[in-house]
Amino acid sequence: MKKNNSMGEKQSFPYFKVICLVIALIFAFFGGREFYELRHFKETFVSAPGLTEVKMLSDYLSSLKGTWMDTPIFVYDSGVPGGNILYMANVHPYEPATSLSAYILMENINVTKGKVFVIPQGNRSGSTTGMLGNAYPKFFHVPTSFGEKTLRIGDRGTNPLDQWPDPFTFVHYPSRQNLAYQDIRNMNRTYPGRENGTLTERASYAIMELIRKENIDLSIDVHEASIMYPVVATYVAHERSFDIAMMAAMMLTATSFDMKCESSPKGLRGLSHREWGDFSDTLAVLMETPEPFIDRVVGPMTEELFTEGKDEFLATAAEHGLTYVPYDLEFGSPLWYRCGRHLSGALEVINQMNQFYPEKEVIVEWPTYEDLKEHDCGYFFHDPDKADPNFVFEI
Amino acid sequence: MVFLEQVIHIIYFIFAAFIGFFLLRNLFKRTSRTGRVYDIVYAYCIIPFLLRVLGIK
């Protein structure tokens, strides 16, 4: 097909350009479908019957309502006066063994004194996108008696679709400390947050409001760390909670698994173990488990690496003394191990709080490290199809 | 400030749409670098801007 242009010259129909565009649109469709699937996928869990209330983070800061940072808070109130505890997971959604541990906790929790608040998706926005440039799988699967449970593997920070652009330098509020630019979307660098700040700062502020308004006595922030990073397999505690964390680390090391304890540095701002303690009366503790998946030297980023934690490059690094926890290919760092560490780590620090502060006592049960070692993670989940619909939730 | 943040965020999407449109226009109407390799590059580069405008990535 040919037609005349204004100069009277004949032009060909741009077949090649149109073909290129059509092929690009096909790629965009198939690629976009993958991204869309992760963005809108819902994780399902069945709560234990002790659930008394489901709040939203926007209950503590209304400007979060309708945003992707609004996230559910599950409350288990024994009805018996005691202390209040917060268990917060997936602040960094590329560490999703933390949300898995929260689901196992909530499916099996039994509180007989005090009140427990659980946030399984601390940064819900960040859990809806993959880590940019890292070729992570979108999901991981946990085998259960009723089929596979699917959970998202997200990014470290808030999804750029929800907060963008990043500045050249992130100036932390209120310390005015200069941090890396991408940390403006990192929830664990934006505490104590601000009421009228960026989306991530507002979510951090809402968490602070939750801690202050609900009089949370002990706040536990669960994370995963690369094993070539010194702060791994450890508690990081604010100075007011250092005694209970140190005692908990000693007890765990003596009875179950190696656990270190570090004091929260006063000069590094924006982190939960620092700002939660400084801007509220809570006892702030952060926990880290070993997650080889996020180490820099590992091979292909596969779901198997995520669930089993076995990587030969990392094993070689360990042989040369470059890792901060013992590591070998035979054991790796499987999901049950990482979740079990968090669940027993939280129980032990609660136990120590009960001993140091009897007036804040909380009596609670959920599966422990030993339980997960014996049964693996999937054993503790309940079939949503057979459960009471009032206790089935999608996040 | 929340409103200002929202405005900046929306402008970012508008910019993505503008650049996507600019790339589309230059795919069909450009005077320099008229080779087929550049057709492929222009078509390929439209993808992220299109997805961003659609709120997918």
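For A:Pro230, work out the one condition from (1) in contact with a Phe, Trp or Tyr (Cβ under 6 Å, 6 or more places away or on another chain); (2) free of Cβ contacts under 8 Å to residues at least 60 places away in the same chain; (3) of a type outside the set (A, V, I, L, M, F, W, C) it doesn't fulfil.
Exception for A:Pro230: condition (2).
Somewhere in segment A:155-177, is a residue over 26 Å from B:Leu54 (Cα atoms), open to solvent by less than 40 Å² (accessible area, probe 1.4 Å) and touching a helix residue (DSSP H, G or I) at 6+ places or on another chain (Cβ under 6 Å)?
Looking through segment A:155-177, at least one residue is over 26 Å from B:Leu54 (Cα atoms), open to solvent by less than 40 Å² (accessible area, probe 1.4 Å) and touching a helix residue (DSSP H, G or I) at 6+ places or on another chain (Cβ under 6 Å).
Under 9 Å between Cβ atoms, which residue pairs at least 6 apart in sequence (or on different chains) link something in segment A:128-149 that is without any contact (Cβ under 8 Å) to a residue 24 or more places away in the chain with a partner that is open to solvent by 30 Å² or more (accessible area, probe 1.4 Å) and in a loop (DSSP other than H, G, I, E, B)?
Filtered contacts from segment A:128-149: A:Gly147/A:Asp383.
How many of the residues making up segment A:94-149 are on the phi < 0 side of the Ramachandran plot and in a loop (DSSP other than H, G, I, E, B)?
Kept after step one, since they are on the phi < 0 side of the Ramachandran plot, are these residues of segment A:94-149: A:94-113, A:115-132, A:134, A:136-146, A:148-149.
Add one more test, that the residue is in a loop (DSSP other than H, G, I, E, B), and what stays is A:94-96, A:109, A:120-125, A:129-132, A:134, A:136-138, A:145-146.
Number satisfying all stated conditions: 20.
So if I check each of B:Ile46, B:Ile19, which one is open to solvent by less than 100 Å² (accessible area, probe 1.4 Å) and at the interface with chain A (Cβ under 10 Å from one of its Cβ atoms)? Full working, then the answer.
On the way: B:Ile19 fails: at the interface with chain A (Cβ under 10 Å from one of its Cβ atoms).
Sole residue among the options that is open to solvent by less than 100 Å² (accessible area, probe 1.4 Å) and at the interface with chain A (Cβ under 10 Å from one of its Cβ atoms): B:Ile46.
So, in segment A:175-185, exactly how many residues are out of contact with any Gly (no Cβ under 6 Å at 6 or more places or on another chain) and within 14 Å of chain B (Cβ to nearest Cβ)?
Result for segment A:175-185: 1.
Please work out which residue is nearest to A:Phe293 (Cα to Cα), limiting yourself to segment A:330-356 and to residues that are surrounded by fewer than 22 Cβ atoms within 10 Å (Cβ to Cβ) and polar (S, T, N, Q).
Here the answer is A:Asn351.
Name the residues in segment A:190-199 that are within 13 Å of chain B (Cβ to nearest Cβ) and buried (at least 23 other Cβ atoms within 10 Å of the Cβ), would you? Please lay out each step first, then the result.
Of the residues in segment A:190-199, the ones within 13 Å of chain B (Cβ to nearest Cβ) are A:193-199.
Of everything in segment A:190-199, those that are within 13 Å of chain B (Cβ to nearest Cβ) and buried (at least 23 other Cβ atoms within 10 Å of the Cβ) turn out to be A:Gly193, A:Thr198, A:Leu199.
Tell me yes or no: at least one residue of segment A:18-34 is at pLDDT 95 or above, within 22 Å of the chain's Cα centre (by Cα) and either part of a strand (DSSP E or B) or of a type in the set (Asp, Glu) (or both).
For segment A:18-34, residues at pLDDT 95 or above, within 22 Å of the chain's Cα centre (by Cα) and either part of a strand (DSSP E or B) or of a type in the set (Asp, Glu) (or both): absent.
On the phi > 0 side of the Ramachandran plot, within 14 Å of chain B (Cβ to nearest Cβ) and surrounded by fewer than 20 Cβ atoms within 10 Å (Cβ to Cβ): does that describe A:Gly31?
When the stated conditions are applied, A:Gly31 does not pass them.
Quick one: would you say A:Arg202 is farther than 30 Å from A:Leu322 by Cα, within 14 Å of chain B (Cβ to nearest Cβ) and over 17 Å from the mean Cα position of the chain (by Cα)? Before the answer, list the steps.
Values: farther than 30 Å from A:Leu322 by Cα: yes; within 14 Å of chain B (Cβ to nearest Cβ): yes; over 17 Å from the mean Cα position of the chain (by Cα): yes.
Yes; evaluated as a whole, the condition is true for this residue.
Suppose the filter is assigned to a loop (DSSP other than H, G, I, E, B), modelled with pLDDT of 95 or more and under 22 Å from A:Met287 (Cα atoms); does A:Pro174 pass it?
Numbers: assigned to a loop (DSSP other than H, G, I, E, B): yes; modelled with pLDDT of 95 or more: yes; under 22 Å from A:Met287 (Cα atoms): no.
So A:Pro174 fails the test.
Quick one: how many residues across segment A:12-28 are open to solvent by 50 Å² or more (accessible area, probe 1.4 Å) and either more than 9 Å from chain B (Cβ to nearest Cβ) or over 15 Å from B:Leu23 (Cα atoms) (or both)?
Residues flagged as open to solvent by 50 Å² or more (accessible area, probe 1.4 Å) and either more than 9 Å from chain B (Cβ to nearest Cβ) or over 15 Å from B:Leu23 (Cα atoms) (or both) within segment A:12-28 amount to 8.
For residues in segment A:39-66 being under 18 Å from the mean Cα position of the chain (by Cα) and not aromatic (Phe, Trp, Tyr), which is surrounded by the most Cβ atoms within 10 Å (Cβ to Cβ)?
To start, the set of residues in segment A:39-66 that are under 18 Å from the mean Cα position of the chain (by Cα) comprises A:39-45, A:56-57.
Retained after the next criterion (residues that are not aromatic (Phe, Trp, Tyr)): A:39-40, A:42-44, A:56-57.
Numbers: A:Arg39: 20, A:His40: 9, A:Lys42: 9, A:Glu43: 19, A:Thr44: 16, A:Met56: 13, A:Leu57: 24.
Going through the qualifying residues, I end up with A:Leu57.
Somewhere in segment A:147-154, is a residue over 21 Å from A:Thr282 (Cβ atoms), of a type in the set (Asp, Glu) and at pLDDT 95 or above?
To start, the set of residues in segment A:147-154 that are over 21 Å from A:Thr282 (Cβ atoms) comprises A:147-154.
Retained after the next criterion (residues that are of a type in the set (Asp, Glu)): A:148.
After this cut, where a residue has to be at pLDDT 95 or above as well, the list is A:148.
Yes.
The values are calculated or read from the model by the stated rules, or taken from the named source; none is laboratory data. Nothing here was measured: the structure is a model prediction, and the numbers come from that model. All Cβ positions, even for glycine, are placed from backbone atoms using ideal geometry, and neighbour counts span all protein chains on display. We work out accessible area using only protein heavy atoms, side chains counted, and drop any ligands, DNA or RNA first. Shrake-Rupley method; radii C 1.70, N 1.55, O 1.52, S 1.80 Å.
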